[in-house]
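All of the numbers you see were taken from the coordinates with simple rules; none came from a lab. Computed from a predicted model, the values in this text were never measured in an experiment. No Cβ is skipped: glycine too gets one built from the backbone with ideal geometry, and neighbour counts run over all protein chains shown.
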Amino acid sequence: MKPFLAALLLVLLLFLASLLVGASDSLSWHNVRALLSGDSDEAALLLMASRLPRAIALVLAGAGMAVAGAIMQMLVQNRFVEPSTAGTVESAALGMLLVLLLAPDLPVVGKMLVAMLFAFLGTLLFLAILRRIPLRSPVIVPLVGIMLGGVISSVTSFIAYRYEMMQSLGAWMSGDFSTILRGRYELLWLAGGLTIAAYAAADRLTVAGMGEERAVNLGLNYRSVMFFGLMLVAAVTAAVLVTAGVVPFLGLVVPNLVRLWRGDRLRSSLPLIALIGAGLVIACDILGRTLNAPFEIPVGTVLGVVGSVAFLFLLTGRRTYAA
Amino acid sequence: MIEIANVSKSYGKSLVVDGLSLTLPKGGITSIIGPNGAGKSTLLSMIARLVDPDGGRIAVGGLDVATTRGDLLARHLAVLRQDNHLAMRLTVRDLVTFGRYPYGKGRLGPEDVAQIGRALSYLGLTELADRFLDELSGGQRQRAFVAMVICQDTDYMLFDEPLNNLDIGNAVAMMKLLTRATRELGKTAVVVLHDINFASRYSDHIVAMRDGRLHSQGTPAEMITPEVLRDLYGTAFEVRDIGGHRVAVYYG
Ligand SMILES: Nc1ncnc2c1ncn2[C@@H]1O[C@H](COP(=O)(O)OP(=O)(O)O)[C@@H](O)[C@H]1O
Ligand SMILES: [Mg+2]
């Protein structure tokens, strides 16, 4: 319970800090008092229309992607996979592009559902490829996923290029919360809801993570849990992609950190994974907003740097206990 | 009672289990012996519904394993496979706790907590309970997996070479534990064993398999003879009677 409370406190502090950092001075450390006393309408508007939605979006996306990574690692039985090393994200992006081209007037929920379907099918394709190749090392698994993602991405780029959509493609391939406004992020509450659903299913997902045979021995309906878990991962990935873009490596770094210290029983690790995921994204977003102020570095870029260093550390780490 | 009726299984072109019909008695320890590749593991997996037979029928305690609901079966039958690789980082206690999954689906009542404590102490794991499995020796890990099966508290327990990785002291302790579980709690244990002297000493019934078929079966006295063993393994044996138990010597 103690680490959970500490993480919760940290996320709250980061959340508050996120509300007070930005290009406009009307809402900053200096005039919180003006806001609280109701003297500054400008600050209140900024808070309600932009800063608060942004901070909430960061929390929901961060928690959701970290949990999605943990579930994926469980179901694939490999600690190096997450939606962006399994073809899931790239498939969702392909779906998103196609829906923008073919049905641009579809409401955003519809777009998300299409992206989710693509994400799900892409993940199934990844699993089908894994079943066909001999796995000599656990590191092969994410490499296969990254290659599959590369193939899907080049199809996406080709189409985007043909239809002059490269720029919007570039925008969502790099996660960016600077355009989050009230009315444009609410889909992420769905990712939040799914994170809670994952917690409710934590034991089932952990049993499935022991492998099909052990799961069957314990009377689990393995196929339905796999289906549920992969759907959940696809939905979270799609919701984050259509609202903020790709938030890479989070699902890889956070669960692996928590695992070292808490192990893999999701009932005890998921709450921490969600909180640390949220905290890390907020921290990277604040970093991106302050490093080069008044310009912003997108959070996807910051996470890309932080995450790939952490990924290399994991790959080369001495702790090669799990395959 | 485990009833196996005309069960077959092939992988590609090779017939691994060939129209096997066999009844394993309820209660006590039944050992399955036989050379490598005889189909012992495949048979055990089919009994435990982990592998679907191509034909035939298997019933455990009257429940047809092909048609009975998986969660119901999980309260009657538990299996430990030969390969105990786990890609996951769990503590010994976490692993053993999942043995109770068929009962509460993750929620633990007082009965579950008691069973977990008992399984841990039966296997001498109380001290190691909060250690991670990936930080234990092979033998300690093997005991943790056996504790999980014991914790599942089923009438029928199947073990595929449970003495792998165990030193002699722990191997003896394991067989004594299974003997106790069958005598005191009325369980049925089916154990694939490589060491025929363990089979001789601890079994109530021995089944020998070769080439996917039943080679022979009987009591240890009937089975541990130079004739049966030579025919089964294709090598010479001497059998001695030591303290009322048959001991086979096979060093050529
Ligand atoms: N999944 C599988 N795919 C292909 N062949 C298999 C598979 N499992 C077992 N076999 C083959 O079936 C035969 C019997 O194997 P097994 O049941 O493991 O024997 P045992 O446990 O008696 O040594 C072996 O020749 C083995 O190579
Ligand atoms: Mg075997």
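For the range A:130-267, the calculated P(r) over all alpha carbon pairs, in 5 Å bins from 0 to the bin holding the longest distance, is 2, 8, 11, 17, 19, 18, 12, 7, 4, 1, 0 percent. Rg and Dmax of the protein assembly as shown, both derived from C-alpha coordinates alone, stand at 28.6, 101 Å.
Dipole of the range B:2-249 computed with +1 at Lys/Arg Cβ and -1 at Asp/Glu Cβ about the Cα centre; of B:11, B:164, B:53, farthest Cα towards the positive end is B:53.
Enclosing the Cα atoms of the range A:98-158 in their convex hull gives a volume equal to 83 cubic angstrom per residue. A simple rule links phi to the HN-Hα coupling: the Karplus curve 6.51 cos²θ - 1.76 cosθ + 1.60 with θ = phi - 60°, which for the range B:129-143 gives 4, 9, 7, 7, 4, 6, 10, 10, 6, x, x, 5, 5, 4, 5 Hz, with x for Gly and Pro.
Please compute the length gained on full extension between residue A:179 and residue A:290, using 0.36 nm multiplied by the number of residues separating them and subtracting their Cα-Cα distance. Don't jump to the answer; show the numbers that get you there.
Values: separation 111, 0.36 × 111 = 39.96 nm, distance 1.64 nm.
Fully extending the segment from residue A:179 to residue A:290 adds 38.3 nm.
Sorted from longest to shortest, the spans of the Cα atoms of the range B:1-139 along the three principal axes equal 46, 31, 27 Å.
The count of lysine pairs in the protein assembly as shown that are at least 8 places apart or cross chains, and whose C-alpha atoms lie under 22 Å apart, stands at 7.
What's the long-distance tail for the range A:200-323, i.e. % of Cα pairs beyond 26 Å?
Numbers: 2453 of 7626 pairs.
Of all Cα-Cα pairs in the range A:200-323, 32 percent lie more than 26 Å apart.
To the nearest 20 debye, what is the magnitude of the charge dipole of chain B about its Cα centre, counting +1 on the Cβ of each Lys and Arg and -1 on the Cβ of each Asp and Glu?
On the way: 28 positive and 28 negative charges, 69 e Å.
Here chain B has a charge dipole of around 340 debye.
Give the residues of the range A:241-282 whose amide nitrogen is closer than 19 Å to a point set 7 Å from the Cα of residue A:13 in the direction of its Cβ. Answer for the range A:241-282: A:272-282. Divided by 2.2 N^0.38 Å, where N counts the residues, the Cα radius of gyration of the range B:136-191 comes to 1.07. Assuming R0 = 30 Å, can you tell me the calculated FRET efficiency for the pair residue A:98 and residue A:147, based on Cβ-Cβ distance, to the nearest 0.05? Here the calculated transfer efficiency is 0.90. To check you understand DSSP bridge types, tell me what percent of the beta bridges within chain B (both residues inside) are antiparallel, rounded to 5. Percentage antiparallel, nearest 5: 60.
In order along the range B:45-62, the Karplus-derived 3J(HN,Hα) couplings, from 6.51 cos²θ - 1.76 cosθ + 1.60 at θ = phi - 60°, round to 5, 6, 4, 8, 6, 8, 10, 7, x, 6, x, x, 9, 10, 10, 10, x, x Hz, and Gly and Pro are given as x.
Using DSSP to define loop residues, name the trypsin sites (Lys or Arg not before Pro) in the range A:123-175 whose beta-carbon has at most 13 other beta-carbon atoms within 10 Å.
On the way: sites: A:131, A:132, A:136, A:162; in loops: A:136.
Of the trypsin sites (Lys or Arg not before Pro), the ones in loops of the range A:123-175 whose Cβ has at most 13 other Cβ atoms within 10 Å are A:136.
As a size descriptor, the averaged projected area of the C-alpha convex hull of the range B:161-252 was calculated at 6.6 nm². Binning all Cα-Cα separations of chain B at 10 Å, short to long from zero, yields these whole-percent fractions: 7, 30, 35, 22, 6, 0. Mean separation of Cα pairs under 8 Å and 6 or more residues apart, divided by the residue count, gives chain A a relative contact order of 30 percent. Residues whose amide H falls under 5 Å from that of residue B:210, counting only those 5 or more places apart or on a different chain, are B:215, with hydrogens built in the peptide plane.
Just to confirm the filter: which GluC sites (Glu not before Pro) across the range B:49-157 are DSSP coil and have at most 13 other Cβ within 10 angstrom of their Cβ? Present the calculation step by step, with values, prior to reporting the outcome.
Numbers: sites: B:111, B:127, B:135; in loops: B:127.
When the GluC sites (Glu not before Pro) of the range B:49-157 are filtered for loop state and at most 13 Cβ neighbours within 10 Å, B:127 remain.
Taking only the C-alpha atoms of the range B:1-75, the Rg (one decimal) and the largest Cα-Cα distance, Dmax (whole number), read 12.3, 36 Å. Karplus-derived 3J(HN,Hα) values for the range A:177-191, using 6.51 cos²θ - 1.76 cosθ + 1.60 with θ = phi - 60°, are 9, 6, 9, 6, 9, 4, x, 10, 10, 4, 4, 5, 4, 4, 4 Hz; glycine and proline are entered as x.
Please arrange B:167, A:264 by how many other C-beta atoms lie within 10 Å of their C-beta, fewest to most. It would help to have the intermediate numbers written out before the result.
On the way: B:167 11, A:264 25.
Placing the least packed residue first, the sequence is B:167, A:264.
Averaged over peptide A:204-210, the number of partner chain Cβ atoms lying within 10 Å of each residue's Cβ comes to 4. Restricting the range A:243-323 to trypsin sites (Lys or Arg not before Pro) that sit in a DSSP loop and have at most 12 other Cβ atoms within 10 Å of their own Cβ leaves A:318, A:319.
What's the average, rounded to a whole number, of partner chain beta-carbon atoms within 10 Å of each residue's beta-carbon in B:80-93? Could you put the intermediate results ahead of the total?
Details: counts 2, 4, 0, 2, 1, 4, 8, 14, 15, 12, 6, 5, 0, 1.
The shielding value for this peptide is 5.
Using R0 = 60 Å, the C-beta based FRET efficiency linking residue A:49 and residue B:137 works out to 0.50. Each Cα pair under 8 Å and six or more residues apart adds its sequence gap; the mean of these over the residue count of the range A:185-276 is a relative contact order of 37 percent. Our summary gives the range A:219-323 a relative contact order of 28 percent, counting only alpha carbon pairs under 8 angstrom and 6 or more residues apart.
Temperature 25 °C, viscosity 0.890 mPa s: under these conditions the Stokes-Einstein estimate for chain A, based on its Kirkwood radius over C-alpha pairs, is 122 µm² per second.
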